[in-house]
Amino acid sequence: ARLNLNLRCGARVILVLHKFRATDFESLFQGVRAVHWEDWIPREGEFPVTGYSINSTLHSVPACQSIVKKAVVERLGAAYGLEKLPETGKRYQIRFSIMKDEVMLCLDASGEGLYKRGYRAVGVAAPLKETLAAAMVKLSHYNGRDPFCDPFCGSGTIAIEAALIARNRAPGLNRSFAAQHWAMVDKRIWLDAAGEAMDNEFHDKTYEIWGGDIDPHAVEIARHNAELAEVDDTVRFEVDDATRFHWGGQYGRVVTNPPYGERLLEQKEAEELYRAFGRAVDKLPETWRVYVLSSHTEFERCFGRTADKKRKLYNGMLKCDLFMYGKRL
């Protein structure tokens, strides 16, 4: 419960039930059947199966899915004295992985991915996942003290995640999780974990967190999302042009995700945008730190500065770099 409520960058919480080696379907079947599934999945429970296989003898994922499902059905059928299981109850998503013939059987405790915080009712084109936005904020070492700016805010995800981090607000408080409906998990555990998370939140501090975008519609969406995330009193959004970005403070950080060229803008337009944004950033005091996520291979050349440090990240399936600028990285 604590993991699901508090994880900011994880994809989902997976409960590992069993590990074993399998190089043929019979050993896979027997390994799956050996798990005490009846301790986890009730008589009416629904249990879809999904998974993957990498560098393994059993390389056909559909075939492995079928074997895993068959083995679980046989085990549960024997445990409950049923020839056919109804699967009309709550979902117990089974996940398997086969890596170099090593099988891992798991239950998905999260349900929908943890990036779905419950606050982004609407978005803009090419949205950034909340978990990636949180990772960018964490990599910037933001602690809530300095001004925090996102000049390409879009639907406001990075600035909202910064506000959640500054407030120490658990990102999962506004959503539900699959394991909340599991029969073997006491519901008081979830209430206690939520109460604990709310007790740890900061309420008596003020922060300077700002997001800007040239598109007024995007700014309205960002403001609405901030309200849903319950941080509208912590973050401010304005219509602004990133190429004219400026800030009066001596210290602060910029964490942003400008258009890459592959999706929102043509490549030439993206490069010109990077040049103009680079000129604007050059006017900031040297004490500012700047973090820019981009998949563009020529970003540093266009931006006009070589990054002090780079970190490889993935925006969905798109390989990107987080370009980090600042003396105290």
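The values are calculated or read from the model by the stated rules, or taken from the named source; none is laboratory data. As the structure is a prediction and not an experimental result, all values here were calculated from the model. Cβ sites come from the backbone with ideal geometry, for glycine too, and all protein chains shown count toward neighbours. Side chains included, ligands, DNA and RNA excluded: accessible areas come from the protein's heavy atoms. Shrake-Rupley method; radii C 1.70, N 1.55, O 1.52, S 1.80 Å.
Tell me, what is the per residue accessible area of region 1-156 in Å², probe radius 1.4 Å?
With the other protein chains kept in place, region 1-156 gives 47 Å² per residue.
Please give the Cα centre distance for region 4-39 versus region 294-329, rounded to the nearest Å.
So the separation of the two Cα centres works out to 36 Å.
Based on the Cβ-Cβ distance of residue 122 and residue 206, what FRET efficiency does E = 1/(1 + (r/R0)^6) give at R0 = 30 Å, to the nearest 0.05?
Efficiency computed from Cβ-Cβ geometry: 0.60.
Rounding to the nearest 10 and keeping the result within 0 to 90°, find how far the Cα-based axis of helix 267-282 lies from the longest principal axis of the chain.
60 degrees
In the neighborhood of residue 130, defined by Cβ-to-Cβ distances under 9 Å, what is the net charge if each Lys or Arg adds +1 and each Asp or Glu adds -1?
Overall, the nearby charge balance is +4.
Length gain on complete extension for the stretch residue 34 to residue 100, per 0.36 nm per residue less the alpha carbon to alpha carbon distance?
Once the chain is fully extended between residue 34 and residue 100, it gains 21.7 nm.
Please calculate the 1.4 Å probe accessible area of residue 9, with all protein chains present, and give it to the nearest 10 Å².
Roughly 70 Å² of residue 9 is accessible to a 1.4 Å probe.
Let me make sure I get this right: for region 133-278, a, b and c are the square roots of the gyration tensor eigenvalues over alpha carbons, sorted descending. Under 1.5 in a/c it's rounded, otherwise prolate if a/b > b/c, else oblate. Which is it?
Prolate shape, in that a/c is at least 1.5 and a/b is the bigger ratio.
Measure nothing but the geometry: give the 0 to 90° angle between the long axis through the Cα atoms of 187-199 and the longest principal axis through the Cα atoms of the chain, rounded to 10°.
10 degrees
Return the carbon/sulfur percentage of the accessible area of region 278-321, one whole number, probe 1.4 Å, all protein chains in place.
Roughly 47 percent of what the probe reaches on region 278-321 is carbon or sulfur.
Set the Förster radius R0 to 35 Å, insert the Cβ-Cβ distance between residue 297 and residue 52 as r into 1/(1 + (r/R0)^6), and round the FRET efficiency to 0.05.
0.75
Classify region 191-272 from the C-alpha gyration tensor, please: rounded if a/c falls under 1.5, else prolate or oblate depending on whether a/b exceeds b/c.
Prolate is the answer for region 191-272, as a/c is 1.5 or above and a/b outweighs b/c.
Within region 51-106, what whole-number % of the accessible surface is contributed by carbon and sulfur, with the 1.4 Å probe and all protein chains included in the calculation?
The nonpolar share, carbon plus sulfur, comes to 53 percent.
Can you send over the solvent-accessible area of residue 203, 1.4 Å probe, protein chains only, in Å² to the nearest 10?
130 Å²
Could you derive backbone 3J(HN,Hα) for region 127-142 from the dihedral phi with the Karplus parameters 6.51, -1.76 and 1.60 (θ = phi - 60°), listing whole Hz in sequence and x where the residue is Gly or Pro?
Those phi angles translate into x, 8, 5, 4, 5, 5, 4, 5, 5, 4, 5, 5, 5, 7, 6, 5 Hz.
Which whole-number percent is the relative contact order of region 22-118 (Cα, under 8 Å, 6+ apart)?
Taking the mean separation of contacting Cα pairs over the length of region 22-118, I get 36 percent.
Could you state how much accessible area residue 2 has, in square angstrom rounded to the nearest 10, with a 1.4 Å probe and all protein chains kept in place?
150 Å²
Over the chain, what relative contact order in percent results from Cα pairs under 8 Å that are six or more residues apart?
17 percent.
For region 151-270, which whole-number percentage of the solvent-accessible area (1.4 Å probe, protein heavy atoms only) is attributable to carbon and sulfur atoms?
Roughly 49 percent of what the probe reaches on region 151-270 is carbon or sulfur.
Using a Gaussian network for the chain with springs between C-alpha atoms less than 10 Å apart, which of these wobbles most: 63, 270, 242?
Top of the fluctuation ranking is 63.
Taking Cα atoms, how many degrees apart are the long axis of helix 157-167 and the longest axis of the chain, rounded to 10 and kept between 0 and 90?
Here the helix axis deviates by roughly 80 degrees.
At 1.4 Å probe radius, can you tell me the per residue accessible area of region 159-298 in Å²?
Normalised by residue count, the accessible surface of region 159-298 is 50 Å².
For a Förster distance of 22 Å, can you work out the FRET efficiency between the beta-carbons of residue 227 and residue 198, rounded to the nearest 0.05?
0.75
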